[in-house]
Amino acid sequence: RTLRAGKLTERVLKLFIATGKDEVFSLIQALNIQVTVTPVLPTRALRPDLTSFMNEWRTIFSRFHLIIVKDPDLKEELKIPEGFNLDVYKKPDIDRVVGTSTSTIFSGYSCRYFGYLVSRKKYIISVDDDCYPAKDNKGILVDAVAQHITNLTTPATPFFFNTLYDPFTEGADFVRGYPFSLRSGVQCALSCGLWLNLADYDAPTQALKPEERNSRYVDAVLTVPARTLMPISGINIAFNREVIGPALLPSLRLGGEGKFRWETMEDIWSGMCVKVVCDHLGHGVKTGMPYVWRNDRGDAIASLRKEWEGVKLMEEVVPFFQSVRLSREAKTTEDCVAEVANVVKEQLGSKDPMFARAAKAMVDWVKLWKSVGSSTSSPGA
């Protein structure tokens, strides 16, 4: 009826998608309606065979266009099952788009950022390749894409905390005493999903609790309050690329950084940067559902030496980001990232050359984002 009346706008389409109904997605696919969602699936040096991963996600990901970025350090050929609408970017494609001198920043987990760079979709969902669809408390498969889109297309409430979680979810509302002037909320720019089974611990905690698993599925979504930081992880996130895209960036690298999640700091640094930018521009960040089921490998004890540098670093990084205040002249995401980079260089650059390199990488990223811009970059044959 909506189609016949000529009223299928982007906003209405978002509402249909947010229902998560299979019949809605089937109709959208049958009518070849273009959906503004691109899950970006990074691969790692440890996982050239994506057959199991893709098949587990088939009922969800087969509805969308996918971008798969192959880790430039990965020598083996990727194994991807048929039946998906996707583009695969390999090292020659990355070199062609950004140049050989720049392509090195997309190695390891950071390969996901190349997908963010070249995507032209409004909403991007990124899931690590060691994650599978989770099931809720009733045993029903969780559609992570639908929940992320719901989070991004409903307002966030960062300026006053609602004790009944997200007031825009079914069965919830604003509690008594919540100011009516703030009930319209603000645009949600980032959705941070969670995961069951293996929690996102650092190497020291994982080494102390090797058998600990997260089995609690909490049916809730929260808006993270303004001026509150959180260790955002790229394991299961979605964001509005048009609003906050340039703030999700690869910049901080540990010395001798490894290939396991706890041996990296780039997404935690990126997450603090994007939260500062969201707070300054008045956007919201949500956390909670959707869940994924996460498997991972690696020897936490062997990783302690690499990870310890990052653990110590956080004691300086968190107070720094808590103190950052951007100027009124910073009106775009690119402006904000450039200002944060300047402050990093001034306040942290002299303490550790790692911070100076991170500041330069942030400035370079803004330039790269602007230069690649809206140009179309298709992978090679």
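What follows is calculated from the coordinates using simple rules that are stated; it is not laboratory data. Given the structure is predicted, the values throughout are model-derived calculations rather than measurements. Backbone-built Cβ (ideal geometry, glycine too); neighbour counts: all protein chains shown.
Note down the magnitude of the dipole of the chain about its Cα centre, charges +1 on Lys and Arg C-beta and -1 on Asp and Glu C-beta and zero elsewhere, to the nearest 20 debye.
920 debye
Over the chain, calculate the relative contact order: mean separation of alpha carbon pairs under 8 Å at least 6 apart, over the residue count, as a percent.
Relative CO of the chain lands at 18 percent.
In the range 164-243, what GluC sites (Glu not before Pro) fall in a loop by DSSP, with at most 10 other Cβ atoms inside 10 Å?
170, 211
Hey, what do the phi angles of the range 118-130 turn into as Karplus ³J(HN,Hα) couplings, whole Hz, using 6.51/-1.76/1.60 and θ = phi - 60°, x for Gly and Pro?
With coefficients 6.51, -1.76 and 1.60, one gets 8, 5, 10, 8, 6, 10, 10, 10, 10, 10, 5, 7, 9 Hz.
Using 24 Å as the Cα-Cα cut-off, could you pick out the over-long pairs in 209/312; 75/275; 79/367; 331/367; 121/286?
Correct reply: 75/275; 79/367.
Ranked highest first by the average count of other Cβ atoms within 10 Å around their residues, in what order do 84-96, 121-133 fall?
Put in order of decreasing packing, that is 121-133, 84-96.
Kyte-Doolittle cut-off -1.0, length cut-off 15 Å along the helix's own axis using Cα: show which whole DSSP H helices in the chain pass.
Correct list, ordered by number: 266-281, 300-323, 333-347, 353-372.
PRE reach from residue 164 (point 7 Å along Cα→Cβ): which of the range 175-192 fall under 19 Å by backbone N?
In the range 175-192, the label zone of residue 164 (backbone N under 19 Å from the point 7 Å along Cα→Cβ) covers 175-186.
Could you pull out every residue, at least 5 positions away or on a different chain, whose amide H is within less than 5 Å of the one on residue 196? Hs are placed 1.01 Å off N in the peptide plane, and Pro or chain starts have none.
Amide H neighbours of residue 196, under 5 Å, 5+ apart: 292, 293, 294.
Of 308, 145, 201, which is farthest along the charge dipole of the chain in the positive direction, counting Lys and Arg as +1 and Asp and Glu as -1 at C-beta?
145
Each label point is 7 Å from the Cα along the Cα-to-Cβ direction; what then is the distance between the points at residue 62 and residue 79, in nm?
Between residue 62 and residue 79, the label points sit 2.0 nm apart.
The range 198-231: which trypsin sites (Lys or Arg not before Pro) are DSSP loop and have at most 11 other beta-carbon atoms within 10 angstrom?
Within the range 198-231, the qualifying trypsin sites (Lys or Arg not before Pro) (loop, at most 11 other Cβ atoms within 10 Å) are 213, 216.
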